[in-house]
1. Run the numbers for Thr128 and Arg55: contour at 0.36 nm per residue of separation, minus the present Cα-Cα distance, in nm.
2. Residues with amide H under 5 Å of Trp165's amide H, sequence separation 5 or more or different chain, H placed in the peptide plane at 1.01 Å from N; which?
3. What is the ratio of the Cα radius of gyration of segment 79-119 to 2.2 N^0.38 Å, where N is its residue count, to two decimals?
4. Protein chains only, probe 1.4 Å: how do Ile174, Ile71 rank by accessible area, largest first?
5. Please state, to two decimals, what the Cα-based radius of gyration of segment 68-152 comes to when divided by 2.2 N^0.38 Å (N = residues).
6. Can you give me the long-range amide H partners of Asp102? Hydrogens built in the peptide plane at 1.01 Å from N, cutoff under 5 Å, separation of 5 or more residues or another chain.
7. Which residues' amide hydrogens lie under 5 Å from the amide hydrogen of Glu125, considering only partners 5 or more residues apart or on another chain, with H built in the peptide plane?
8. Find, to one decimal place in angstroms, the Kirkwood hydrodynamic radius of segment 96-230, where the mean of 1/r is taken over every pair of different Cα atoms and then inverted.
Amino acid sequence: MTTTADAVRRWVRPAAFLVLLVAGVVLMAGCGDEGEPVETSTEGGPGTPSQDAPRPDVDFVAEVTPGAEAIAVSWTLTNTSQARMLVVDRVPRASGAGLVQDPQATYVVGGEGRLVQLTQRLYDEPETTMSFAQPPTAGATELGPGETLQRDLAVPLPLERLSPWGNDLGDGPIELPDPVTSVQFCLGVLAGDPQPSWGPGAEGDVVVLDHGSPAVAAQHVLCSDPTPVG
């Protein structure tokens, strides 16, 4: 004769086993190689980043070609709207006179999995316990209605991480994925006129913008499809 207690015991055994099995899977998923932090996602994420600013009226074409000594990037952007826009096409680099906004430079950051993004865009301030004396900047070019901007870039190999916020956010140096299996180019575009809250403003023919400023929310990021490497 089967009692209520017997039925409960038969149900508890498999249920307890299921709980232990799930707990084991969670523990295994949380285990990984110890060592330097490895970047597994970028600010904005790979592909088309999550963003509030709508896509501006532009034609955008980007070709990414891995080579033996460098990754070549060729991109063209045409403003098909009736308003001026800013194209974040300059990344600061050190020179004898300090920093210059270089149209041939890119940021190099990790994406999901073993993807690496080569970018000319603005980034929001990351979550960190560190403080910054002043926000990093990037340069932008004004592009009028009907105008086209074109750039040919060469990013040297092996790739070295370059983020506007540095390579250590308080938990140790951040490394790129190793090996890298694909690369992608991303470009930031802001529709409308520059706002005072966006940064220092015009310096000659370049508009200097602050990372971490309201300009980030006004930016739409255009990305190429990932290109396999190796």
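1. Working: separation 73, 0.36 × 73 = 26.28 nm, distance 2.96 nm.
Using 0.36 nm per residue and subtracting the Cα-Cα distance, I get 23.3 nm.
2. none
3. My calculation over the Cα atoms of segment 79-119 gives 1.61.
4. Ile174, Ile71
5. 1.29
6. For Asp102, the qualifying residues are Val91, Arg93.
7. The answer is Gly212.
8. 16.2 Å
The values are calculated or read from the model by the stated rules, or taken from the named source; none is laboratory data. Predicted, not measured: the structure shown is a model, and the values here were computed from it. We work out accessible area using only protein heavy atoms, side chains counted, and drop any ligands, DNA or RNA first. Shrake-Rupley method; radii C 1.70, N 1.55, O 1.52, S 1.80 Å.
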